[in-house]
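Below: one structure, written as structure tokens.
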Amino acid sequence: MAVTAAMFAAAAGYRGRFAPSPTGPLHMGSLVTALASWLDARAHGGQWLVRIEDIDMPRCVRGADEDILQTLARLGMTPDEPPVWQSRREAHYAEALRRLDAAGQLYPCGCSRKEIADSLVHVRERHQTLGYPGTCRHGLNGKLPRAWRVRVPDGPAATICFDDRWQGRQCQDLETELGDFVLRRADGLWAYQLAVVVDDGLQGITHIVRGADLLDSTPRQIHLQHLLGLPTPSYLHVPVVVNEIGEKLSKQSGAQAIDTGAPLEALRQAGRHLGLANNEGNVQDWLARATEEWRQRMAAA
Ligand code: GLU
């Protein structure tokens, strides 16, 4: 995967994206993320793309991708380029993995979840790393390779910081808080962390707007961008929507599908969550006013 001139040309303007996993219909949690990314792109006069993140096939629901795209369209949000599906982009992930391997950044790991959990109890007692303790860094010791892990830096270089446009400055020590992490899973599936970095890079994404549940994935993604020679986009993580008992709204926590019969009401509710005023008018008016409000707020921030 070469960092091409075309990629930089694309990155010269604003390019944002919404990257839903098609595990079910759009619900209030995913709508808030979609709306925030759409508003930010429009407020910057930029482009807004949709990428269907369907690499975790066992979790995907047939037809959920089209359902999400139709719901977005009913709410006045249509992408500026045809959507892409991660399941059709595996060659890019394989190429990135090959490059990382050639650069000596990867190693096969033979540890089972149980072995890692057991060793974590042990290292926690010694107040060392909270993440993968690097058992297979220096060889498999006769174990069969299961997953592929990428090395995280040692010492001060392990601390990755970024300035989030909503949440402020964030730092994570990849070595002590996380350890070497998986890019290709034991079941053969590509890890989200790898696919998202490769795609954001190849699609020339300059601004990422998504839910705050992904805040602690961002330092891993920045580390991979460094290793792959990709630019680091700007980040904005919006607060996640929670249900009555404080759980993140998701299909698992029983989130209701957006009612496309009442698009304005859905937009208003998502807008309230983002702190936007309760605008009147039709869907197009609402989106235009919300874009203006978002622009003013971001200019003031
Ligand atoms: N596909 C991820 C999700 O639905 C979002 C990935 C991202 O925005 O980076 O949670």
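The values are calculated or read from the model by the stated rules, or taken from the named source; none is laboratory data. Everything quoted here is computed from the prediction, not taken from an experiment. Counting neighbours? That spans all protein chains shown, and the Cβs are built from the backbone with ideal geometry, glycine included. Each accessible area value is taken on the protein alone, full model and side chains, heavy atoms only, with ligands, DNA and RNA left out. Shrake-Rupley method; radii C 1.70, N 1.55, O 1.52, S 1.80 Å.
Cross-link reach is defined here as a Cα-Cα straight distance under 27 Å, omitting same-chain residues fewer than 8 places apart; for Lys143 the lysines meeting it are Lys114. Across q = 0.06, 0.07, 0.09, 0.16 Å⁻¹, the chain modelled as identical point scatterers on its alpha-carbon atoms has Debye log10 I(q)/I(0) values of -0.21, -0.29, -0.48, -1.39, in the order of the q list.
Each peptide in 211-217, 260-266 was scored by the mean count of other Cβ atoms within 10 Å over its residues; highest first, the order is 211-217, 260-266. By a 1.4 Å probe calculation restricted to protein chains, Arg165 has an accessible surface near 80 Å², given to the nearest 10. For region 150-301, the dipole from Cβ point charges (+1 on Lys and Arg, -1 on Asp and Glu) about the Cα centre works out to 200 debye, to the nearest 20. In region 168-301, one over the average inverse separation of all distinct C-alpha pairs is 17.7 Å, which is the Kirkwood hydrodynamic radius.
Pop the C-beta distance of Arg289 and Gln70 into the FRET formula with R0 = 22 Å and round what comes out to the nearest 0.05. The calculated FRET efficiency here is 0.35. Of the residues Leu174, Ala103, Cys136, the one whose Cα sits farthest toward the positive end of the charge dipole of region 72-188, with +1 on the Cβ of Lys and Arg and -1 on the Cβ of Asp and Glu, is Cys136.
Sequence-distant contacts, meaning Cα pairs under 8 Å at least 6 residues apart, place the relative contact order of the chain at 24 percent.
For the chain, set up a GNM with springs between Cα atoms under 10 Å and report which of Ala147, Ala195, Ala19 has the largest fluctuation. Of Ala147, Ala195, Ala19, the Gaussian network model singles out Ala147 as fluctuating most.
Rounded, prolate or oblate: which fits region 22-161 when a ≥ b ≥ c are the square roots of the eigenvalues of the alpha-carbon gyration tensor, with rounded for a/c under 1.5 and prolate only if a/b beats b/c? Judged from the Cα gyration tensor, region 22-161 comes out prolate (a/c at least 1.5, a/b above b/c). Accessible-area rank, largest first, for His138, His27: His138, His27, with all protein chains present and a 1.4 angstrom probe.
Packing-based ranking of 200-208, 225-233, 154-162 yields 200-208, 225-233, 154-162, ordered from highest to lowest mean Cβ neighbour count within 10 Å. Residues considered: Gly254, Gly110, Gly16. Largest GNM mean-square fluctuation over the chain, using C-alpha springs under 10 Å, is found at Gly254.
Dividing the summed -39500 (n - 2.57) terms of all DSSP H runs of n ≥ 4 by the residue count of the chain sets its mean residue ellipticity at 222 nm at -11500 deg cm²/dmol. Stretching Asp259 away from Val61 to a fully extended chain increases their span by 69.4 nm, per 0.36 nm per residue minus the current alpha-carbon distance.
Cross-link partners for Lys248 among the aspartates and glutamates, with Cα-Cα distance under 17 Å and sequence neighbours closer than 8 places in the same chain left out: Asp213, Asp216. The simple Förster model, with R0 at 30 Å and r as the Cβ-Cβ distance, assigns Lys248 and Ala300 a FRET efficiency of 0.55. At the listed q of 0.11, 0.21, 0.24 Å⁻¹, the Debye profile of region 133-237, built from one uniform point per Cα, gives log10 I(q)/I(0) equal to -0.36, -1.19, -1.42.
Computed over protein heavy atoms with a 1.4 Å probe, the accessible surface of the chain works out to 47 Å² per residue.
Extending 7 Å from the Cα toward the beta-carbon at both Asp80 and Arg99 defines two label points whose distance is 2.4 nm.
With unit charges on the beta carbons (Lys and Arg positive, Asp and Glu negative) and the dipole taken about the Cα centre of the chain, which residue among Gly201, Ser217, Ala147 sits farthest to the positive side? Ranked along the dipole, the leading option is Ala147. When Met57, Met28, Met77 are compared by accessible area at a 1.4 angstrom probe, the order from most to least is Met57, Met28, Met77.
Using heavy atoms of the protein chains and a probe of 1.4 Å, the accessible area assigned to Glu66 is about 90 Å².
Placing +1 on the Cβ of every Lys and Arg and -1 on the Cβ of every Asp and Glu, with no other charges, gives the chain a dipole of roughly 540 debye about its Cα centre. Taking a point 7 Å out from the Cα of Leu144 in the direction of its Cβ, the residues of region 153-189 whose backbone N falls within less than 17 Å of it are 185-189. Positive contributions from Lys and Arg (+1) and negative ones from Asp and Glu (-1), summed over other residues with Cβ under 10 Å from the Cβ of Tyr235, come out at 0.
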